[in-house]
Amino acid sequence: VSEGEPRGQVDSLLSIISSQRERFRARNQELEGENRMMQHTVHALQSELDNLRADNIKLYEKIKFLQSYPGRGGSRDDTEQRYSSQYEERLDPFSSFSRKERQRKYLSLSPWDKATLSMGRLILSNKTARTVAFFYTLFLHCLVFLVLYKTAWSESVGRDCAAYCAKKYADHVHKFHENGDAGDMWQ
């Protein structure tokens, strides 16, 4: 009898677990169905949103056309401004391609190249920075030229002085010590 009770308990546990598994399976299938319906709804809403954006861009194009007539004032509100950039992008697909290509090339640069590019953009974008960079470069060039000139001049003077002294010495030796008396040299 004691052996039958555990068997009965195992059967009752098995039936409880089986029924629980069936409930979970049914709930899982129900949630998957809801998930599919939600994904379908999101997809439908996304396509509707894309269609509405395209319609808004077309309407903006018509507004631009109507505003091009003489005598029509061009008051722009937030809605027009929001769609004007999308309209301009649609007219010129090369600008978006160019922008993406420029971004791709920038991301492929090394950190040193990025720093150099940033400094170049900073200097070229501001008139004061361009002026300072011009005069700084001019000052550095003048400084380098002056240092090189002074070095060359001092080297030239030293060479000329050495040549002058050697010539004077040779003239002196030739004039006063012509006969080769080495003993009279220091007198």
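A few notes on this one:
- For the chain, the calculated P(r) over all alpha carbon pairs, in 10 Å bins from 0 to the bin holding the longest distance, is 6, 10, 10, 11, 11, 9, 9, 9, 7, 5, 5, 4, 2, 2, 0 percent.
- Accessible surface computed residue by residue for the chain, with neighbouring protein chains in place and a 1.4 Å probe, gives 90 Å² per residue.
- Only lysines eight or more places from K100 in sequence, or on another chain, were considered; those with a Cα closer than 22 Å are K114.
- For the pair H172 and Q81, label points projected 7 Å from Cα toward Cβ lie 9.1 nm apart.
- 12 Å reach of a label modelled at R102, 7 Å along Cα-to-Cβ, counting backbone N of the range 115-139: none
- Note on K167: lysines with a C-alpha under 19 Å away, same-chain residues under 8 apart excluded, are K175.
- Each of the trypsin sites (Lys or Arg not before Pro) that DSSP puts in a loop and that has at most 12 other Cβ atoms within 10 Å breaks the chain; the longest unbroken stretch is 77-187.
- Cα gyration tensor shape for the range 120-169, rounded if a/c is under 1.5, else prolate or oblate: prolate
- The range 1-54 - convex hull of alpha carbons, volume per residue in Å³: 33 Å³
- Overall, the accessible surface of the chain at a probe of 1.4 angstrom is composed of carbon and sulfur to the extent of 62 percent.
- Estimated distance in nm for a label pair at E89 and N126, the labels positioned 7 Å out from Cα along Cα-to-Cβ: 3.1 nm
The values are calculated or read from the model by the stated rules, or taken from the named source; none is laboratory data. The structure presented is a predicted model; accordingly, all values stated were derived computationally and were not measured. Cβ coordinates were reconstructed from backbone atoms using ideal geometry, including for glycine residues, and neighbour counts include every protein chain displayed. Protein only, heavy atoms only, side chains kept; ligands, DNA and RNA dropped before computing areas. Shrake-Rupley method; radii C 1.70, N 1.55, O 1.52, S 1.80 Å.
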